[in-house]
Amino acid sequence: LKSESPTVEEYPYFTGNATFAGEINGGADTFTLSKESAGLQQPMMQVRNYDTGNTGIFTNNYMVELRSVFTTGASSGALLVHTQENNSSRPVMNVSSNYGDIFTIVSSGTATFAGDIAITGGGNILNVGGGSASGVNEQIRLSYGASDYHSIKTMYNGSISSNNYIAFDLEDSTGPANKRVLTLQGDGKATFGGNVYCSDIYASGSNTLR
């Protein structure tokens, strides 16, 4: 142990590794953990929680790291929470309260929320990516379970108007998202997959109903 400066109050200062059997408490002051001259995405803190009786010999798969990214550039200056988990189906992060889990993220990147998702404020946009210009992709799924769901699918094509569309596929008695009910095309056309029932139909101008 040594003091970093003889002009300030004495406190432990470590130049190498240190192991504590109990808690580290900063008292009334803010507890600060710093690592000078760390390279890109170097770990600042590592958290390990494992039980050799259940998991076997310790490996890095059970480690969580807080990393600091301080280099210049558009993707830098961030705090990275990194886990060594290599099973795509296992959770890598759970956020919970006394009422239970709030959301869970698994290694593949899928996030599951236990409650509603609210987007508030003016001008905010919900941007759902994953679209394609070469084929039909499902972008939104409304589900009751893994085998009961409706689907909203899209395709994008800047050259051909009719190849831009949003399709609504609903579950029927034969399977999930198995019936194409409505297709909205970029050329202005709407195609219904079955009969259209309505109490009143009104057409104006040169529009024709057949």
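Expressed as a whole number of Å, what is the distance separating the alpha-carbon centroids of the range 94-147 and the range 163-190?
Between the Cα centres of the range 163-190 and the range 94-147 lies a distance of 22 Å.
Could you give the nm distance between label points at D148 and Y197, where each point is 7 Å from its Cα heading toward the beta carbon?
Spacing of the two 7 Å Cα→Cβ label points: 2.2 nm.
Can you pull the percent of the range 89-210's accessible area that's carbon plus sulfur, 1.4 Å probe, other chains left in place?
On the way: 4760 of 9390 Å².
That share works out to 51 percent.
In whole Hz, with x marking every Gly and Pro, tabulate ³J(HN,Hα) for the range 89-95 from phi via Karplus 6.51 cos²θ - 1.76 cosθ + 1.60, θ = phi - 60°.
Per-residue couplings from phi come out as 9, 8, x, 10, 7, 10, 10 Hz.
The values are calculated or read from the model by the stated rules, or taken from the named source; none is laboratory data. All of these numbers come straight from a predicted model, not from anything done at the bench. We place every Cβ from the backbone using ideal geometry, glycine too, and count neighbours over all the protein chains shown. Quick note on the areas: whole protein, heavy atoms, side chains included, nothing else; ligands and nucleic acids left out. Shrake-Rupley method; radii C 1.70, N 1.55, O 1.52, S 1.80 Å.
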